[in-house]
1. Could you identify which residue out of B:Leu90, B:Leu75, B:Leu101 has the top mean-square fluctuation in a GNM of chain B using Cα springs shorter than 10 Å?
2. Going by Cα centres, the stretch B:34-113 and the stretch A:11-86 are how many Å apart?
3. In whole percent, how big is the carbon plus sulfur part of the accessible area of the stretch A:1-86, probe 1.4 Å, protein atoms only?
4. Quick one: which bits of the stretch A:65-114 get at least 40 Å² less accessible when the partner protein chains are in, versus the chain alone, with a 1.4 Å probe?
5. Quick one: net charge of B:Asn57's neighbours, Cβ under 14 Å, K/R +1, D/E -1?
6. In percent, what relative contact order does chain B have, based on Cα pairs under 8 Å that are 6 or more apart in sequence?
7. Relative contact order of the stretch A:16-114, please, whole-number percent, based on alpha carbon pairs below 8 angstrom and at least 6 residues apart.
8. Setting aside same-chain residues fewer than 8 positions from B:Lys69, which aspartates and glutamates have a Cα under 16 Å from its Cα?
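The values are calculated or read from the model by the stated rules, or taken from the named source; none is laboratory data. What you are looking at is a predicted structure, and each value in this text was computed from that prediction instead of being measured. Cβ placement follows ideal geometry from the backbone for every residue including glycine, while neighbour counts extend to all protein chains displayed. For the accessible areas, the whole protein counts, side chains as well, though only heavy atoms, and no ligand, DNA or RNA atoms are used. Shrake-Rupley method; radii C 1.70, N 1.55, O 1.52, S 1.80 Å.
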Amino acid sequence: DAGVIQSPRHEVTEMGQEVTLRCKPISGHNSLFWYRQTMMRGLELLIYFNNNVPIDDSGMPEDRFSAKMPNASFSTLKIQPSEPRDSAVYFCASSEGGVYDGYTFGSGTRLTVV
Amino acid sequence: DAKTTQPNSMESNEEEPVHLPCNHSTISGTDYIHWYRQLPSQGPEYVIHGLTSNVNNRMASLAIAEDRKSSTLILHRATLRDAAVYYCILTSISNFGNEKLTFGTGTRLTIIP
């Protein structure tokens, strides 16, 4: 298995532009999670899906952030418009059944907004 | 979820055992203990989890105190590749269907060659 696949690995964009991060979870995994990591705030859970349905989006910082999971094999996290404070590493993780099955994380997307 | 406390950093010599402590004095009877680690420039990686009994897997062992107010992750023979930030996390089964991993600041483990 190729694991959780995230793209792009690196993204540099100008303030005000739309950014879309992509994630392909492990086949057969029912739960998908988006995290953000910064030096100041550490790893923060933004949103998670169960069977393609958003369960908890309380970690999404602002309306500029949105996430979708149109099918079991694909999810996007969109930031529109982007701001310099959105610069971070964004991780996607998937799990077969939740915390008790362990999460598998992708390699992350390093986003820089200038 | 109950809070955990870990040392900010630890050092250990290569090829020696490492004991990473975690205090969780407010743990409840339904809280599971999870350990993840994050190698440099990578996403977190599952290590082990348990409820009451000690647990072993190919990566590590988890020793849980009898009163469950603390636990220790044991790496039996540290290698340079074990240098990482180790996170101890609690989740409550009372939140069944809505459990989620909330990461703290973890312990940065340095392995000395």
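1. Sorting by GNM fluctuation, first place goes to B:Leu101.
2. When both Cα centres are located, 25 Å separates them.
3. Answer for the stretch A:1-86: carbon and sulfur cover 49 percent of the accessible area.
4. A:Val99, A:Tyr100, A:Tyr103, A:Phe105
5. Spelling it out: positives minus negatives among the neighbours equals 0.
6. Answer for chain B is 37 percent.
7. Result for the stretch A:16-114 is 33 percent.
8. B:Asp1, B:Asp31
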